[in-house]
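Chemist: Can you keep this structure in mind? I'll have questions shortly.
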There are 2 protein chains.
Amino acid sequence: MAQEQAATSGRSYRDPCGVCLDCAVRRQAVCAALEDHELGALQAIMVSTRIGAQQTVVEEGQPRRRVFTLTSGMLRLYTMLPDGRRQITAFLLPGDYLGLGDESSYDQTAEAVVDSVLCGFPVAEMDRLMERYPRLQLRLNQMTRIALRQARDSQLILGRLAPVEKLASFLLVLSERQAESGEPESPVHLAMTRTDIADYLGLTIETVSRSFTKLRLQGLIQLPEAHQVEIIDRRALTAVAGITPR
Amino acid sequence: MAQEQAATSGRSYRDPCGVCLDCAVRRQAVCAALEDHELGALQAIMVSTRIGAQQTVVEEGQPRRRVFTLTSGMLRLYTMLPDGRRQITAFLLPGDYLGLGDESSYDQTAEAVVDSVLCGFPVAEMDRLMERYPRLQLRLNQMTRIALRQARDSQLILGRLAPVEKLASFLLVLSERQAESGEPESPVHLAMTRTDIADYLGLTIETVSRSFTKLRLQGLIQLPEAHQVEIIDRRALTAVAGITPR
DNA sequence: CGTGTCTTTGAGGCAACTCAACACTCGTGG
DNA sequence: CCACGAGTGTTGAGTTGCCTCAAAGACACG
């Protein structure tokens with residue numbers, strides 16, 4: 001396992017050039033709740049952080065002092081059992097918020113899947129800001145509700161779908177999220193490894209690999225590279241998934 | 001399947017005698033956020049509803065017009081696949097709130113496991129009340145965060161635990177929740193059927209039954225009745241569960 | 001060019017599922 | 001009072017499919 005190598009944080013700094021106004025996730029993240037002229041207040045408490053792939057952002061059990069918006073890259077959120085079994089509960093994409101479910105301490109570990117950039121906010125100052133701008137609070141609640149729905153979708157996938165169905169629905173969700181970010185639906189880019197996918201879907205890497213092969217042999221997808229999935233027959237893939245992705 | 005028999009609501013009425021002040025879940029439910037003298041506002045929009053076992057409270061897809069606090073009994077929240085496979089994502093106990101994750105329409109079906117009593121609130125009036133009492137809003141957000149954490153715990157259980165481990169952790173969680181309600185920890189009362197447990201843990205009823213037998217033969221539990229579980233060796237049961245319940 | 005990581009594929013075993021039968025409880029009605 | 005049927009839970013036998021173990025290919029990096 002490579003991700004145990006480092007728990008160090010990346011370099012932090014007041015972002016010199018990238019202002020919130022020009023941010024790539026300005027319309028997706030928490031900040032979407034604020035008007036342009038209100039952004040300064042958020043930017044004043046914001047610290048931009050770059051983090052390398054496989055590095056830990058926050059660790060389960062640590063005091064929850066900062067919350068984050070992911071602006072680029074990808075994070076995995078996971079819980080680990082004493083014997084090493086791991087369950088990834090979510091992949092965070094740009095615009096997503098880190099710290100939604102946590103109370104006084106983080107209850108899951110967050111690691112960067114690839115090099116990522118985060119906006120960090122001190123919890124205390126964020127709380128003050130939410131009192132000042134109630135819409136910020138409302139937006140955060142909405143994002144928590146969305147996360148809850150996603151977690152419950154995941155429960156269905158983990159509990160009742162067969163391996164191929166799990167993978168099909170996973171690919172469709174990724175495809176949808178790519179589309180939401182303005183990228184094309186079809187060549188789905190898998191930033192995570194097969195191990196990550198397995199630990200997200202409750203499978204072994206071998207079963208994940210075999211499921212990819214099955215979908216490929218059925219002509220539903222193509223795999224030009226291991227991390228590039230071309231969706232050939234979306235309708236059939238949806239049928240295999242058993243569920244209509246939200 | 002018996003639960004398809006009825007989608008009718010129980011009788012609704014302004015509760016004549018039971019006032020919020022004397023409510024059994026006054027300190028656990030949303031209303032815990034309000035002072036005694038503020039309760040009247042909540043009670044004014046509240047409609048108490050009795051619902052029989054197996055009856056549907058809200059159905060997936062319906063417009064979310066009312067939200068509820070469960071005051072007695074038990075609900076199951078579930079999603080169903082077109083082919084009949086079912087995943088129960090949560091069991092709601094007295095004090096729990098129904099409608100946390102939903103936006104404009106319910107995204108899961110809620111059914112009564114046993115005869116239950118609910119406090120119903122029109123969404124529009126509840127929203128107005130939350131503006132008037134910000135603490136109500138905060139409390140609801142906190143409950144959503146708790147639900148999110150529970151859903152993520154469930155993801156771990158579904159994705160990475162073996163059947164016996166799943167059942168052990170399920171029993172421990174129920175035991176804990178009983179204790180929170182002031183009841184004894186040990187004879188855990190299982191209001192739901194084996195089918196419900198199976199659909200919650202991602203197993204078949206036979207595997208659930210065999211797992212009960214395994215725990216019993218190992219001397220960790222006793223089963224005087226099918227719905228009564230005496231926890232004999234809590235430490236060993238926790239070890240089997242693999243996780244420390246929150 | 002060797003080393004390490006990641007992915008895929010193959011072979012075999014075991015555990016959970018499927019199918020089936022039986023025990024038990026609880027109503028209902030003869 | 002007992003026979004009967006429906007619903008629920010347990011147990012057994014057999015099968016399927018996922019996991020385990022193993023190996024080889026692909027690729028990046030030093």
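Chemist: Can you name the number of the only condition in (1) within 15 Å of DNA strand D (Cβ to nearest atom); (2) more than 29 Å from A:ALA24 (Cβ to Cβ) that A:LEU156 fails?
Modeler: All conditions are met except number (1).
Chemist: Mind checking whether some residue in the range B:228-246 is within 11 Å of DNA strand C (Cβ to nearest atom) and closer than 29 Å to B:LEU148 by Cα?
Modeler: Residues of the range B:228-246 within 11 Å of DNA strand C (Cβ to nearest atom): none.
The answer is no, given that none of the residues of the range B:228-246 is within 11 Å of DNA strand C (Cβ to nearest atom) and closer than 29 Å to B:LEU148 by Cα.
Chemist: Still on this model: Checking the condition touching a residue at least 60 places away in the same chain (Cβ under 8 Å), away from every other protein chain (no Cβ under 14 Å), within 24 Å of B:LEU203 (Cα to Cα) and in contact with a helix residue (DSSP H, G or I) (Cβ under 8 Å, 6 or more places away or on another chain), which residue from A:VAL240, A:VAL164 passes?
Modeler: Values: A:VAL240 fails: away from every other protein chain (no Cβ under 14 Å).
On inspection, the qualifying residue turns out to be A:VAL164.
Chemist: Please pick out the residue among B:ARG145, B:ARG152, B:ARG177 that is touching a strand residue (DSSP E or B) at 6+ places or on another chain (Cβ under 6 Å) and over 23 Å from B:GLU206 (Cα atoms). Walk me through how you get there before you give the answer.
Modeler: Details: B:ARG145 fails: touching a strand residue (DSSP E or B) at 6+ places or on another chain (Cβ under 6 Å); B:ARG177 fails: touching a strand residue (DSSP E or B) at 6+ places or on another chain (Cβ under 6 Å).
Just one listed residue meets the conditions, B:ARG152.
Chemist: Give the residue that is farthest from the chain's Cα centre (by Cα), with candidates limited to residues of the range A:99-136 that are within 13 Å of another protein chain (Cβ to nearest Cβ) and among the hydrophobic types (A, V, I, L, M, F, W, C).
Modeler: Applying the filter and picking the extreme gives A:MET130.
Chemist: I'd like the full set of residues that are crowded, with 24+ Cβ neighbours inside 10 Å and either more than 13 Å from the chain's Cα centre (by Cα) or of a type in the set (Asp, Glu) (or both), limited to the range B:140-151.
Modeler: B:LEU148, the sole residue that qualifies.
Chemist: For the range B:141-155, what are the residues that are of a type in the set (A, V, I, L, M), touching a residue at least 60 places away in the same chain (Cβ under 8 Å) and more than 8 Å from every other protein chain (Cβ to nearest Cβ)?
Modeler: Listed by number, the list holds a single entry, B:MET143.
Chemist: Could you identify the single residue in A:ARG194, A:ARG210, A:ARG145 that is of a type in the set (D, E, K, R) and out of contact with any Ser or Thr (no Cβ under 9 Å at 6 or more places or on another chain)?
Modeler: The conditions single out A:ARG210.
Chemist: Taking only pairs six or more apart or across chains, which ones have beta-carbon atoms under 8 Å, a first residue in the range B:190-216 that is within 16 Å of B:ALA241 (Cα to Cα) and more than 14 Å from every other protein chain (Cβ to nearest Cβ), and a second residue that is among the small types (Gly, Ala, Ser) and more than 9 Å from DNA strand D (Cβ to nearest atom)?
Modeler: B:LEU215/B:ALA168
Chemist: Residue check: is A:GLY95 within 13 Å of chain B (Cβ to nearest Cβ), at pLDDT 95 or above and assigned to a loop (DSSP other than H, G, I, E, B)?
Modeler: On the way: within 13 Å of chain B (Cβ to nearest Cβ): no; at pLDDT 95 or above: yes; assigned to a loop (DSSP other than H, G, I, E, B): yes.
No; evaluated as a whole, the condition is false for this residue.
Chemist: Mind checking whether some residue in the range B:134-150 is within 16 Å of DNA strand D (Cβ to nearest atom) and out of contact with any Cys (no Cβ under 6 Å at 6 or more places or on another chain)?
Modeler: no
Chemist: Another question, if that's okay. Looking at the structure I just gave you, is B:ARG216 more than 13 Å from DNA strand D (Cβ to nearest atom), not in a loop (DSSP other than H, G, I, E, B) and not assigned by TED's automatic domain parsing to the domain that holds B:ARG86? So that I can check it myself, show each step before the final result.
Modeler: On the way: more than 13 Å from DNA strand D (Cβ to nearest atom): no; not in a loop (DSSP other than H, G, I, E, B): yes; not assigned by TED's automatic domain parsing to the domain that holds B:ARG86: yes.
Judged against the criteria, B:ARG216 is not a match.
Chemist: Would you check which residues across the range A:225-237 are of a type outside the set (Lys, Arg) and either at pLDDT below 95 or not in a strand (DSSP E or B) (or both) and list them?
Modeler: A:GLU225, A:ALA226, A:HIS227, A:ILE232, A:ASP233, A:ALA236, A:LEU237
Chemist: Name the single residue, out of those in the range A:53-92 being at negative phi and without any contact (Cβ under 8 Å) to a residue 40 or more places away in the chain, that is farthest from the other protein chains (Cβ to nearest Cβ).
Modeler: The residue in question is A:LEU92.
Chemist: Kindly provide the set of residues from the range A:184-213 that are aliphatic (A, V, I, L, M), crowded, with 16+ Cβ neighbours inside 10 Å and either within 13 Å of DNA strand D (Cβ to nearest atom) or over 29 Å from A:ALA110 (Cβ atoms) (or both), ordered by number.
Modeler: Hits for the range A:184-213 are A:ILE197, A:ALA198, A:LEU201, A:LEU203, A:VAL208.
Chemist: Name every residue in the range B:80-97 that is in contact with a strand residue (DSSP E or B) (Cβ under 6 Å, 6 or more places away or on another chain) and more than 23 Å from B:THR49 (Cβ to Cβ), in order of residue number.
Modeler: B:MET80, B:ARG86, B:GLN87
The values are calculated or read from the model by the stated rules, or taken from the named source; none is laboratory data. Owing to the predicted nature of the structure, the values given are computational and were not obtained by experimental measurement. For neighbour counting, all protein chains shown are included, and Cβ atoms are generated from backbone atoms with ideal geometry for every residue, glycine included.
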